Amino acid sequence: VARATDFICEKSQFNTPARHYWVRADIADITPEIASPVLRLRVARQNTITAILEFEDGETETLIYGSDEIKANWRSPTYASFPLTQSSGKIATSLLIGVERPWDPWNLADLNIISAEADLAEHHKSYLANAVFCALLAAPLLLHICLFFVLRVRFILIHIIALAATIFMQVLWGGVIFDIAPFVSVNGRSILAHLCIALIMAAICLLIRDICEPGKLSRRLSNMLLYSSIFSVTATSLIIAISPRLPVIGSILFHLVVLVCVIAVVTSLLSAAIKGSWTARGLCLGTVGFVFIALARIINSTGLVDNVPTFDHGLYAAAFVDAVVMSAIVVHRAFKMRREHELAVIENTLLFKAARIDPLTELLNRRALEEDFETLLSQKERRRNVYSMLIIDVDHFKTVNDTFGHD
C-alpha cells in the first residue's frame, strides 16, 4: 500500500534537520474493512517517527512518536504498531510517515495494516517464538558449561560465549529487554544487538579455527579467521560510535563487516571440507541456513534488490539448527581430543618406563640411576640431608643363574 512520496521536504518546514525518509500510503480502500486498524512499521534505530493521518473529511492529525513511544508500542522482533483511529472513532484514509535519521532506511519497506486484535496476536506469537528459541538454546548452553568444567577445553568456552550472545541477542531483538530492563532505550537495544551479532561472528570464526582437524586448515586461513574475529568486534564498535552521524553509511558498513566474516567462515569451511575434514563438512551443513539469511540481510540492506525477505522467524530455525549441529560437533571433538590426550599420556608413560627399566631383569637401568641420583643430590642440597651409597657386587653370579635358573 506504500509508495515513495513526492512530498517536498525543506529544512524550513521542520524543527529538526530534514534528514527524513518519507512514505505516503493511500489506505481508504483498506481501513474500512478492518476493525481498529493499526499500522505495523518495521523500525530500527530511529530517533523519531512522524505520522500525519488524513481523514475522509480532509482533517489531518500529526502524531510524533519519540523513542519512549516507539518502545511502548514495540512489537517483536523489529516492529512498532501505531493506531490509525482517532479517539472520536474516525479512521484515517491516507497517511504520510516520516522517520528521522534512520539507521537502516530500507527497513521501512515493511508496512502492514492489520487489526489491533491481529497485531496483539502477532505480538504474543513473537514472544512465544522468542521464549521457545531461548529455551531450546539454553539446553546446549548448560550442557557446554558442565562440559567445560569437566574437559577444560578452550573452544567449548568459545561456544558458550556464542550461545550466550545468541540468547541475549534474541532477548534484545524480540523487545523482551524492554520488559526486563525498562530503562533500556530503543537505540540502546539496537547497539547491544549489533554488538551481540559481532561477538557471535567473532566466536564462530575462532571456533572453526580451533575445532578443525590439524592439517586441514592452512595457516593463512587460520590467520584470516583470527583477524576476522578481531575485525568484527572492533569495526562494529567504531561503526556504532559514528553511526549517529552516518546513519545510512553506518548500516552499510556494519553489513559489510558481517560479509567479511561470512566470507572468512565459508572459505575456511569449504577449504577444510575439500581436504577431508569431517568437522568442516558437518559445519557446512549446519551453517547453510544461517549464511543464507545473513546474505539475504546484506543484500536487503544495500537497497539494490527490492523485496528481499529478511526471515525474522526463519532466523530462529536457522540459528537453532546451526547451534545444535555445532554443539554436537564441539562435544564430539572435545571428547575425541580428551581420548587423544589420554592415549598420549599412556604412551608417554610407557615410553618413560621403557627408557628407565631393563627389559630382562625389569630393574631400573643406568639412565634411571643418573636421573634419580640427580634428584637425590638436589634434595640433599635443599633439605641439608646426609645420604650414603652402598655398592654390592656378587662374585661368580653366573654360577647362581646356571645352577638355580635365571628366574
- Message: On a 1.4 Å probe surface of the protein chains, which of 227, 79, 127 comes out largest in accessible area, and what is the full order?
- Response: 227, 127, 79
- Note on the structure: For the range 387-394, Karplus-derived ³J(HN,Hα) couplings (6.51, -1.76, 1.60; θ = phi - 60°; whole Hz; x for glycine and proline) come out as 10, 10, 10, 10, 10, 10, 10, 9
- Query: If you stretched the chain out fully between residue 230 and residue 64, how much longer would it get, using 0.36 nm times the residue separation minus the C-alpha to C-alpha distance?
  - Reply: 55.7 nm
- Note on the structure: Compactness summary of the range 130-219: radius of gyration and Dmax from Cα atoms, Å, are 15.3, 50
- Note on the structure: A correct Karplus calculation of ³J(HN,Hα) over the range 230-235, with 6.51 cos²θ - 1.76 cosθ + 1.60, θ = phi - 60°, whole Hz and x for Gly and Pro, returns 5, 4, 4, 6, 5, 5
- Task: Amide H neighbours of residue 94 under 5 Å, at least 5 residues apart or on other chains, H built in the peptide plane: list them.
- Result: 27, 54
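What do you reckon, how do 74, 278, 173 stack up by accessible area (1.4 Å probe), largest on top?
On the way: 74 10, 278 180, 173 35 Å².
So, going from the largest accessible area down, we get 278, 173, 74.
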- residue 63 long-range amide H proximity, modeled H, under 5 Å: 51, 52, 53
- What figure in square angstrom, to the nearest 10, would you give for the accessible area of residue 265 with a 1.4 Å probe? 10
- Message: Along the Cα→Cβ direction, 7 angstrom out, place labels at residue 146 and residue 29. What is the inter-label distance in nm?
- Response: 6.0
- Phi-derived 3J(HN,Hα) across the range 140-152 with the Karplus relation (6.51, -1.76, 1.60, θ = phi - 60°), rounded Hz, x for Gly and Pro, is x, 5, 5, 4, 5, 4, 5, 5, 5, 5, 8, 9, 6
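Compute the length gained on full extension between residue 362 and residue 88: take 0.36 nm times their separation in residues and subtract their Cα-Cα distance, giving the result in nm to one decimal. Write down the numbers at each step before the final one.
On the way: separation 274, 0.36 × 274 = 98.64 nm, distance 10.21 nm.
Roughly 88.4 nm would be gained on extension.
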- Message: Could you check the spin-label model distance between residue 266 and residue 407? Points 7 Å from the Cα along Cα→Cβ, value in nm.
- Response: 7.2
- Message: If I ignore ligands, DNA and RNA and count only protein heavy atoms, how much of residue 133 is accessible to a 1.4 Å probe, in Å² to the nearest 10?
- Response: 10
- Task: Quick one: order 332, 406 from most to least accessible surface, probe 1.4 Å.
- Result: 406, 332
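The values are calculated or read from the model by the stated rules, or taken from the named source; none is laboratory data. In this text the structure is predicted, and so the values were computed from the model without any measurement. Glycine gets a Cβ as well: all are built from the backbone with ideal geometry, and neighbour counts include every protein chain shown. Keep in mind that these areas ignore ligands, DNA and RNA; they rest on the heavy atoms of the full protein, side chains included. Shrake-Rupley method; radii C 1.70, N 1.55, O 1.52, S 1.80 Å.
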